[in-house]
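> This is the structure, below, for whatever I ask next.
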């Protein structure tokens with residue numbers, strides 16, 4: 001119980017001696033911190049998913065390019081990841097994708113660029129194989 005002076009009298013008011021205001025502010029800061037960590041975690045999940053999609057699109061485009069050529073390879077890569085850019089280089093396919101980052105955590109993750117660039121390079125397959133990779137068992 002806290003004694004509060006009102007008009008030259010001391011009155012006991014229950015609950016005022018507790019630090020409820022400080023605890024509320026502390027809880028609010030903890031919730032803001034948790035929300036910030038969750039937002040950063042979700043951005044890392046998006047970057048990881050974009051990287052995995054690029055790896056799969058690069059593999060599929062490389063295999064398709066070896067069998068059917070560059071046109072169908074581009075179509076396959078766009079079908080898997082429509083936001084990716086594909087570039088054919090000697091001996092490899094380079095896939096690039098930009099993952100947008102919200103302004104609140106932009107400076108922390110990307111130094112103010114507003115996007116995170118994911119690049120994946122896949123080696124080109126050679127078809128037909130110069131040597132038989134599945135020889136006959138007999």
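Please treat every number below as a calculation from the coordinates, not as lab data. As the structure is a prediction and not an experimental result, all values here were calculated from the model. Ideal geometry is used to build each Cβ from the backbone, glycine not excepted, and the neighbour counts take in all protein chains shown.
> Quick one: Cα centre-to-centre distance for region 22-38 and region 87-109, in angstrom?
Cα centres, region 22-38 to region 87-109: 32 Å.
> May I pose another question? Using per-residue counts of other Cβ atoms within 10 Å, averaged over each peptide, order 83-90, 57-64, 71-78 from highest down. Write out the running numbers ahead of the final one.
Working: 83-90: 13.2, 57-64: 21.6, 71-78: 17.0.
The densest-packed peptide leads the list: 57-64, 71-78, 83-90.
> Over all directions, average the projected area of the Cα convex hull of region 18-125 and note it in nm². Before the final figure, lay out each step's value.
Details: hull surface 32.5 nm².
If you wrap the Cα atoms of region 18-125 in a convex hull and average its projections, you get 8.1 nm².
> Something else: By its C-alpha gyration tensor, with a ≥ b ≥ c as the square roots of the eigenvalues, how is region 61-102 shaped: rounded for a/c under 1.5, else prolate for a/b larger than b/c, else oblate?
Details: a/c = 3.67, a/b = 1.85, b/c = 1.99.
Note, shape of region 61-102 comes out oblate.
> Could I ask something else about it? Order of 124, 54 from fewest to most other C-beta atoms within 10 Å?
Values: 124 17, 54 25.
Going from sparsest to densest Cβ surroundings: 124, 54.
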